[in-house]
1. R0 = 51 Å: FRET efficiency of THR191 with SER146, Cβ-based, nearest 0.05?
2. Of GLU237, GLU86, which has the most accessible area and how do the rest follow, probe 1.4 Å?
3. Please list, ordered by chain and number, the residues whose modelled amide H lies under 5 Å from the amide H of VAL118; skip anything fewer than 5 residues away on the same chain.
4. Keeping all protein chains in the complex and leaving out DNA, RNA and ligands, what accessible area do you get for LEU113 with a 1.4 Å probe, in Å² to the nearest 10?
5. Roughly speaking, what is the stretch gain from CYS232 to ASN104, that is 0.36 nm per residue apart minus the C-alpha to C-alpha distance, in nm to one decimal?
6. Amide H neighbours of ALA180 under 5 Å, counting only residues 5+ apart in sequence or on other chains, H built in-plane at 1.01 Å?
7. Can you run phi through the Karplus equation (6.51, -1.76, 1.60; θ = phi - 60°) for the stretch 205-210 and list ³J(HN,Hα) in whole Hz, with x for Gly and Pro?
8. Between VAL208 and GLU80, what is the spin-label point distance in nm, taking each point 7 Å from the Cα along the Cα→C-beta axis?
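The values are calculated or read from the model by the stated rules, or taken from the named source; none is laboratory data. Since the structure is predicted, the reported quantities are computational estimates derived from the model, not experimental observations. Don't worry about glycine lacking a Cβ; one is built from the backbone with ideal geometry, like all the others, and counts go over all protein chains shown. To get the accessible areas, we keep the full protein, side chains included, count just its heavy atoms, and leave off ligands, DNA and RNA. Shrake-Rupley method; radii C 1.70, N 1.55, O 1.52, S 1.80 Å.
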Amino acid sequence: LRARLRFSRRLHGWFGLPLPRRRLPLRDLARYHLGAETPARLEGVAALLLLGERQLAVGSQALFEQLRRRSREVEAQVREGATIGEACIIGKGVYIGAGVRVGNRVKIQNYALVYEGVTLEDGVFVGPHACFTNDLRPRAINPDGSLQSAADWDMVPTHVGRGASIGANSTIIAGVRIGAWAMVGAGAVVTRDVPPHALVVGNPARIVGYVCYCGEKLQVDEASGTGVCPKCGAVIEGIRQS
């Protein structure tokens, strides 16, 4: 496994894709795929990942078969230019778009879709089947009937603050900012900014309370804007009531 990896033209027929001819050290494999300064720890993700329109192939037939079996189990896709921090967990079927920024110790659960333009700060949790959009006016074609290209639409960025949680099956509409330690309930559709520590649910998502660092719902004094956690006793000031 310490030998250099190479791209094999013999695998062209397997995927129907042209494979560039270059040699790649095994130790650089994660960095090659993720474009990260510090390669992430991908929980169960095989080295055989889709990278844009290219597939990685290795010279050792036995190693390639092992990686191919693992890729069928995980089926994660990380696009070019994405940056993933340290100690992250990436689940089965996850899609991470080009240029996405993922901080340290982030958990992205099975089949979550994190499209181009999204930034996830440290400690963010993304539940299974959650979806981040990046286009407020999506169209497949132009008025003249031609297929739209990247030049025909504007990517709208989305930002998720430190420690925030995105519930399963929730949808985050492009352009919103989700504050630090906020919590988005399962199935919610977030259409506007979420303050720090806020708990939002529903479609469209509405604030129904505020949560502690530990996730427990806070007891908030409206006059002072101070929240107290009944579970761990933490006191959080500056709660922005809405």
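1. The formula returns an efficiency of 0.95 here.
2. The residues order as GLU237, GLU86, largest area first.
3. The answer is ARG101, THR158.
4. 50 Å²
5. 43.6 nm
6. GLY161, ARG162, HIS197
7. Karplus-based 3J(HN,Hα) across the stretch 205-210 equals 5, 10, 6, 10, x, 9 Hz.
8. In this crude spin-label approximation the distance works out to 4.4 nm.
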